[in-house]
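The values are calculated or read from the model by the stated rules, or taken from the named source; none is laboratory data. Since the model is a prediction, treat every value here as computed from it, not as a measurement. Here the Cβ positions follow ideal geometry from the backbone for every residue, glycine too, while neighbour counts run over all protein chains shown. Just so you know, the surface numbers come from the protein's heavy atoms only, side chains and all, with ligands and any DNA or RNA stripped out. Shrake-Rupley method; radii C 1.70, N 1.55, O 1.52, S 1.80 Å.
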Amino acid sequence: MISISKAITIIQRESISLGTERIPLADAVGRILAEDIIADSDLPPFDRSQMDGYAVKADDTAATPAALKIVGESAAGSGWHKTLGRGEAVRIMTGAPVPAGADAVQKLELAREENGSVIISEPTAQDRFIVRKGTEIKKGAAVLKKGEQLNAANIAVPAAFGYAKVRVSRRPRVVIFSTGTEIIEINKRPKRDQIRNSNSLMLAALCREAGADPLVYPIIGDNVSDLRSQISVAVKKADILITTGGVSVGKYDLTKLALSELGAEIYFDKVALKPGKPTVFGKLKKAYIFGLPGNPVSAAVTFHLFVRLLFKKLQAASAASLDVGRAVCLDSVRPNTERDTYLPAKLFASHEPQTEVKPLPWHGSSDFISLARANALIFVPKGRLVSVGDKVEIVRL
Ligand code: AMP
Ligand code: MG
């Protein structure tokens with residue numbers, strides 16, 4: 001049995017990045033950048049007016065009302081490209097270039113036009129309502145870095161700098177299948193001793209959320225030759241195979257046997273973790289393999305801790321794979337003496353000034369109802385009693 005941190009080290013050590021591809025920017029949200037995004041111009045590209053109003057020399061408005069002769073108009077997309085003289089004003093629109101010679105803008109609300117002149121009713125000041133060229137970003141700056149994820153908040157950046165296509169890491173292709181003679185498809189009514197397959201859909205959803213491309217294969221019973229043949233097919237199609245079930249020590253836990261008969265390399269098969277002790281990580285041909293435990297909470301927790309990390313590493317992503325934080329625990333928790341524990345919990349982020357977390361009633365690794373109500377996991381290190389009011393490490397789900 002190895003520690004969680006040792007398992008993490010092994011995954012990091014074994015991950016080889018998947019390579020990159022150039023794709024249309026419109027398809028790139030959620031992907032990991034494989035190139036820096038460089039500003040191809042200053043922003044703004046010219047001194048830009050923030051207001052509808054008049055471009056002026058600030059000095060000319062020192063004593064008001066000030067009458068200035070209107071000599072032109074600068075609109076967004078069609079500026080006035082001469083030089084403003086003393087006693088003159090240019091009618092200007094929001095987003096339009098401020099002409100040479102002008103050093104301020106006065107807004108429309110403080111001006112009125114009369115016989116070819118504008119009467120400014122209040123003084124403006126130098127630089128007022130002007131965003132100077134290059135103050136937002138300078139040409140040549142790397143605005144987003146390789147390894148960052150593209151999202152709704154930052155996708156405007158490559159768009160603004162002309163990246164109609166962008167180089168990103170290839171997305172991991174994942175095959176998922178559940179194992180277990182008792183497991184049936186979700187559209188079937190369970191007969192005696194049968195259980196519906198909730199893991200495959202859950203894992204497919206987790207994969208999608210984590211930016212991978214999942215494909216679900218049929219359930220395989222506890223039978224070595226069936227396992228062998230489906231694993232052989234899967235590793236040809238996928239970068240990663242995720243199975244659930246059959247990795248414990250029971251008579252019908254056959255996933256590891258099938259893997260070793262196929263010649264897979266097993267990097268670890270037991271982690272000091274609750275839930276999720278019998279987690280298998282290995283490789284067969286070019287595909288990584290995660291044999292996750294069948295219990296749904298174990299499968300989810302080990303996905304978060306280990307599979308997400310592999311996804312990040314394969315895409316050379318710079319962000320951490322888990323959203324961790326700290327919170328004040330509202331209940332006491334008795335620790336496991338041999339294994340670190342992750343408990344389903346409710347995080348109350350709005351309880352300012354401190355974040356609070358409450359362990360949810362939990363009946364063990366099969367209790368996915370508890371997990372469905374959780375928005376976080378509480379980390380309880382082995383042997384460490386958590387008392388009410390203690391600060392604990394949490395993972396946001
Ligand atoms: P195993 O890891 O095969 O020993 O399975 C542990 C427990 O998880 C058993 O009670 C299984 O019935 C249950 N289980 C296994 N696979 C699934 C699945 N795909 N969906 C829901 N429960 C499962
Ligand atoms: Mg089983």
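Note that the chain presents 49 Å² accessible area per residue, ligands and nucleic acids not counted, probe 1.4 Å.
Of the beta bridges DSSP finds with both residues in the chain, what % are antiparallel, to the nearest 5? Present the calculation step by step, with values, prior to reporting the outcome.
Details: 57 of 85 bridges.
Once the DSSP bridges in the chain are tallied, antiparallel ones form about 65 percent.
Work out the P(r) tail for the chain: percent of alpha carbon pairs separated by more than 41 Å, whole number. Spell out each step's value before the answer.
Values: 30587 of 78606 pairs.
Distances greater than 41 Å cover 39 percent of the Cα pairs.
Here the contact order of the stretch 280-321, divided by its residue count and restricted to Cα pairs under 8 Å and six or more residues apart, works out to 22 percent.
Among Glu114, Glu148, what's the order by accessible area (1.4 angstrom probe), most exposed first?
Glu114, Glu148
Counting only protein heavy atoms and using a 1.4 Å probe, the accessible area of Asp59 comes to about 110 Å².
Around the amide H of Ala376, modelled in the peptide plane, lie the amide H atoms of Ala345, Leu347, Leu397, all under 5 Å away and 5 or more residues distant in sequence or on another chain.
For the chain, what % of the accessible area comes from carbon and sulfur atoms, probe 1.4 Å? Each step should come with its number before you reach the end.
Working: 9780 of 19540 Å².
That share works out to 50 percent.
Each Lys or Arg adds one and each Asp or Glu takes one away; over the other residues whose Cβ falls under 13 Å from the Cβ of Pro359, this sums to 0. Using a probe of 1.4 Å, the accessible surface attributed to Thr255 totals some 0 Å² when neighbouring protein chains are kept in position. Distant-in-sequence amide contacts of Arg128, defined by a placed amide H-H separation under 5 Å and a gap of 5 or more residues or a different chain, comprise Val105.
Taking 29 Å as the cut-off for C-alpha to C-alpha distance, list the pairs among Lys312/Lys346; Lys188/Lys346; Lys133/Lys165 that go past it. Provide the component values of the computation, followed by the final result.
Numbers: Lys312/Lys346 26 Å; Lys188/Lys346 33 Å; Lys133/Lys165 27 Å.
Flagged as over cut-off: Lys188/Lys346.
Its DSSP H runs of at least 4 residues, each contributing -39,500 (n - 2.57), put the calculated 222 nm mean residue ellipticity of the chain at -4500 deg cm²/dmol, to the nearest 500. Estimated from the Cβ-Cβ distance and a Förster radius of 30 angstrom, the FRET efficiency linking Ala205 and Lys391 is about 0.45. Once each part is reduced to its C-alpha centroid, what is the distance from the stretch 34-100 to the stretch 329-386 in angstrom? Here the answer is 58 Å between Cα centres. Label positions at Ile369 and Glu73, each projected 7 Å from the Cα along the C-beta direction, are separated by 7.0 nm. Only the Cβ atoms of Lys and Arg (+1) and of Asp and Glu (-1) were treated as charged; on that basis the dipole of the chain about its Cα centre amounts to roughly 1560 debye.
The value of relative contact order for the stretch 220-346, using C-alpha pairs under 8 Å at least six residues apart, is 22 percent.
Over the stretch 297-363, Cα pairs under 8 Å with separation of 6+ residues give a relative contact order of 27 percent.
With all protein chains in place and ligands, DNA and RNA left out, the 1.4 Å accessible area ranks Lys191, Lys270, Lys138 as Lys191, Lys138, Lys270, largest first.
Could you order Trp362, Trp80 by accessible surface area, starting with the largest, using a probe radius of 1.4 Å? Write out the running numbers ahead of the final one.
Numbers: Trp362 55, Trp80 30 Å².
The residues order as Trp362, Trp80, largest area first.
Projecting the Cα atoms of Pro99, Pro190, Ile38 onto the dipole axis of the chain, where Lys and Arg carry +1 and Asp and Glu carry -1 at the beta carbon, places Pro190 farthest toward the positive end.
Mean-square fluctuations from a GNM of the chain, with a 10 angstrom spring cutoff on Cα atoms, peak among Lys346, Lys285, Lys251 at Lys251.
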